[in-house]
1. So what's the gap between the Cα centers of region D:81-140 and region A:232-300, to the nearest angstrom?
2. Would you please put A:43-50, B:166-173, D:188-195 in order of how densely packed they are, using the mean number of other Cβ atoms within 10 angstrom per residue and starting with the highest?
3. Using the per-residue mean of other Cβ atoms lying within 10 Å as a proxy for protection, in what order, highest first, do the peptides C:120-126, D:212-218 fall?
4. Once the label point is placed 7 Å from Cα along Cβ, list for residue C:155 the distances to the corresponding points in the other copies, in nm, shortest first.
5. Hey, could you grab the Kirkwood Rh for the protein assembly as shown? Inverse mean 1/r over distinct alpha carbon pairs, Å, one decimal.
6. Sort A:30-40, B:15-25 by packing, meaning the average of other beta carbons within 10 Å per residue, with the highest value first.
7. Please find, in a Gaussian network model of chain B (springs between Cα atoms separated by less than 10 Å), the residue of B:197, B:114, B:245 whose mean-square fluctuation is greatest.
8. Pop the C-beta distance of residue D:167 and residue B:271 into the FRET formula with R0 = 56 Å and round what comes out to the nearest 0.05.
4 protein chains.
Amino acid sequence: MTNCIHDHARWGAGDQLGAANLLTPEHTVASLALVKEGRIYDLSQMIEMGAPRIQPVQSPYVIHSGSTAANGIKRRREMGAENDAGSNLERIEMTVHVGTHIDALGHFTKGDQMYGGRSADDEVGDFGLHNLGIEHAPPMITRGVCIDVSGLDGGEYLYAGRAVGRDDLERALEQADVELRPGDAVCIHTGWGRFFMTDNDKYVAGEPGVDLPAAKWLTGQDVLAIACDNMAVEVLPGTDHPKLMMPVHQHALVECGVYLIENLVTEQLVRDGISSFCFILLPVKFKGATGSPVMPVAII
Amino acid sequence: MTNCIHDHARWGAGDQLGAANLLTPEHTVASLALVKEGRIYDLSQMIEMGAPRIQPVQSPYVIHSGSTAANGIKRRREMGAENDAGSNLERIEMTVHVGTHIDALGHFTKGDQMYGGRSADDEVGDFGLHNLGIEHAPPMITRGVCIDVSGLDGGEYLYAGRAVGRDDLERALEQADVELRPGDAVCIHTGWGRFFMTDNDKYVAGEPGVDLPAAKWLTGQDVLAIACDNMAVEVLPGTDHPKLMMPVHQHALVECGVYLIENLVTEQLVRDGISSFCFILLPVKFKGATGSPVMPVAII
Amino acid sequence: MTNCIHDHARWGAGDQLGAANLLTPEHTVASLALVKEGRIYDLSQMIEMGAPRIQPVQSPYVIHSGSTAANGIKRRREMGAENDAGSNLERIEMTVHVGTHIDALGHFTKGDQMYGGRSADDEVGDFGLHNLGIEHAPPMITRGVCIDVSGLDGGEYLYAGRAVGRDDLERALEQADVELRPGDAVCIHTGWGRFFMTDNDKYVAGEPGVDLPAAKWLTGQDVLAIACDNMAVEVLPGTDHPKLMMPVHQHALVECGVYLIENLVTEQLVRDGISSFCFILLPVKFKGATGSPVMPVAII
Amino acid sequence: MTNCIHDHARWGAGDQLGAANLLTPEHTVASLALVKEGRIYDLSQMIEMGAPRIQPVQSPYVIHSGSTAANGIKRRREMGAENDAGSNLERIEMTVHVGTHIDALGHFTKGDQMYGGRSADDEVGDFGLHNLGIEHAPPMITRGVCIDVSGLDGGEYLYAGRAVGRDDLERALEQADVELRPGDAVCIHTGWGRFFMTDNDKYVAGEPGVDLPAAKWLTGQDVLAIACDNMAVEVLPGTDHPKLMMPVHQHALVECGVYLIENLVTEQLVRDGISSFCFILLPVKFKGATGSPVMPVAII
């Protein structure tokens, strides 16, 4: 049992949805009703060769043109075709933690413990996760709340290693006159996203992000997901590094079943002064995968 | 110039959006207003090893666990960590035409000609497409219309090579009492999807699907996309095979800028008698890729 | 301690070479001295898409043209080049157990036990083996001995599941008037290789091969390696299947440090009646890999 | 017709072997006869993540543990096994131009022209080369000659961009009292190899290497291959850069059918004062590939 609303007892041992249990039809209707103007913000980064990654675990993203139009036309002509249909196709090699992505609940462990009372030893197969892969994450339609903490230190972005605490979040929410509600997708803007693909070495060497108490406060608000414009949502190096490494991942994913969304693009939302919106994220069902690259959107 | 509403002249040479130009804020608002109950249908297939593919151009989907919790814990302990944070991660190798996916406008050519007046010779680079990759496809929120033609021949599904013609579509729409509107995502249910991962050899050896006149009629209705519960939307082998190969791809993508969505899961929609709905598809921005695996949803 | 000459005590705990310790300069000189005519036999299969593999652990081999001459010429022209140098390049995705390959000593375990007294728990990292990868296997120049057992049952090849026993080997050697010597690379011809790429389903569904007593006899002769014209050297299903699975791999690699070489091409040697020869195998140093695809040769 | 001994006319249009035509049985016997002591030098670099590569065409080398012993044991136990055979296996993604490798004759073009009078437009398929892939390169057993030019400028290595000319080669050969002979594998030591994996940015940013006249002189000596302790054999940037890019590749591979071997490890040969030796290189038969990673050896 944890000090968390989303504890295992709440949805039963073996649960595979976590906070996504909150996504009822009523919740969907209410979330879509937030849309007034029909303006859509794409909250995703471009995925391309050289995309930032935390080494060594995140290996490089690679894309190559595979089949090309010219060869396809030749092949089809040999079969008797006269309409010269050329098809282009590529080959991609990747981890699912590239670009803007959502973590599956099975992405992290606390020792052998995984979400829903599962054991890592049982759960982690050669070809992915047996029960906690991203294919269990449902379509997510909810309210999104953007919390802008980028200016806390007087600049346009927070520095690497700057812990965003519970007070920081509460104050920013107050200033925006927004209160968190169960099922919210919390989107934290630290300003760090400006270094994505403009200075990848800096982007991955460390980052501002939430600390463990802040994460506990958020999960205590019963949110669906915590998203951020950085690699890991949580502050890196952590406040108790190296004694505690990635504690927010453990708390959110393993203890609470709360999703983490990384490398979110929040710049435009902040520029337009948008604090709450309809948030939609549709994870691709890569069976057994520990996450999925996505294009989340905010709609107002 | 083509006999198509979505011709190059309509949105100008160099256009990269095609029919997605129809997706205005007003259209978004109207599409979301279709939602009454808040019930979401996931229209995507699971992506896993052995996923069906059209050979030789579509190479196999591969997933392996890369970094595992046990090793991550060891590595972090060596760095001084005491909280045993284990991270699982995988490596995926794929074409983007695996599972349920959307084709980018640059996926096909007509000889050297590509959508928007571009030349394949210029457009197809070693690492993807220069101007017509999937990163240009915006979030798609529109009305979806499910056209059930599965029972046309008295069975539960159409056979491979069965051309679905314009009349078939019109009759099915009439029976469902639905009229197509500009910007619709047309979702055709042939019943063929039942063979996805249950009999992949059969699934890919051929398929029922729309013929060229049917496709022309659909693009003439100014639809956003044509989706189907098969590998290629269009009937295979085609009606004039091998003289004409993949003519629907050429017509829709190259001539009209109308998107194709493949391996859609329509079974549940049909079972529940749902003909129109709010349709949402959010392509992942793999730069230069000729498509993206997705999880499209229908919401009623 | 095992009933094997190549036991751990022989070369000390932590040894990484196994039977390759036998490959002294004198041995090299003697082995090369076997060459009289200068005729070279390539003993390797072609590696291509669709290459046979034992599922699920061996995932498919994939090759795509990556960079192509046409694009390279364009890119260099833009940089000012006038000599139109086009470069072709591909992307390969593979396991190292594709085609003709050699197993590293760390490819197999007996429970947690690995060659040289190492523990699998310590040894198997996220990015390969720490101490027993193929990069520790030295160049192998030795005597090769081809043992033809293909005709044992009166046909041109042995059937799947046919155990090749110690007596079979001894009789065939006697018939060929060859005696095994320390450091030999034993190349067993079962005739099974004829199904490589001609009937892959058959080739991998089972195979003739050595049983455990035969393997023990071979390691007792102090051989360097056991090679065969099949996927796994050992008979599949094994003689005590499923109680004992892959016991020859455990015995040879883990207990004895004797190398296994698979998918060898022995057809031509047998056709030409060649029983002993100079054998050369040069493993590629993929760090941490559990083997390497190779082109072994026989020279007479 | 070119100013080259190895021109197309020599071995006929359609030839796929190039200078490897020189490798007769007599040549093999003579080359092996060079071995006196039986000492083997491994001339290959280790291949690992982060291996140097020329961007953008050479994409990164990736290796991950795929199947691991622990999971293999579980899987086999479920099938009834009692001997706990664990197998480790990995997944590699690579170009063949990683580490020490040999270029296939089809790796480069001169405009549309390829070795043996072939056209790039015909030759370069989606899944590799049709006729000039590395699978046509035979086992190479020949005399190797190491030419040490590292000290030409008074240091231990030549700087990037330093052209090694014909005179440099001739003088170094004279000093070593060695004359080139038809079929030789020429191994040039510039000292640049010291930066492989110790300073990869430097290693790939440029390099000392042969210029076009030197390459022409070498092919005029009827050599089998030109090898070097750098990425590209030839000096980079070239002497007439950017007007002429990669002219040595064009001359050697396309015009002459002379092989190029890159990232060779020559340090130890030079340290031991070894100028000529038996050279063996056995390319892996990746069908259609433009080269192969290898472990070439020198034997004295």
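1. First find each Cα centre; the distance between them is then 41 Å.
2. Working: A:43-50: 21.2, B:166-173: 17.0, D:188-195: 23.6.
My ranking of the peptides, most packed first, is D:188-195, A:43-50, B:166-173.
3. Numbers: C:120-126: 20.4, D:212-218: 22.3.
Ranking, from highest mean packing down: D:212-218, C:120-126.
4. Distances between equivalent label points, in nm: 3.7, 6.7, 7.5.
5. Details: mean 1/r = 0.0315 Å⁻¹.
Result for the protein assembly as shown, one decimal place: 31.7 Å.
6. Details: A:30-40: 17.7, B:15-25: 19.5.
Ranked by mean Cβ neighbours within 10 Å, highest first: B:15-25, A:30-40.
7. B:245
8. For residue D:167 and residue B:271, the calculated efficiency is 0.10.
Coordinate-derived values only; no laboratory data. Keep in mind the model is a prediction, meaning the values are calculated, not measured. When we count neighbours, we look across all protein chains shown, and the Cβ atoms used for this are built from the backbone with ideal geometry, even at glycine.
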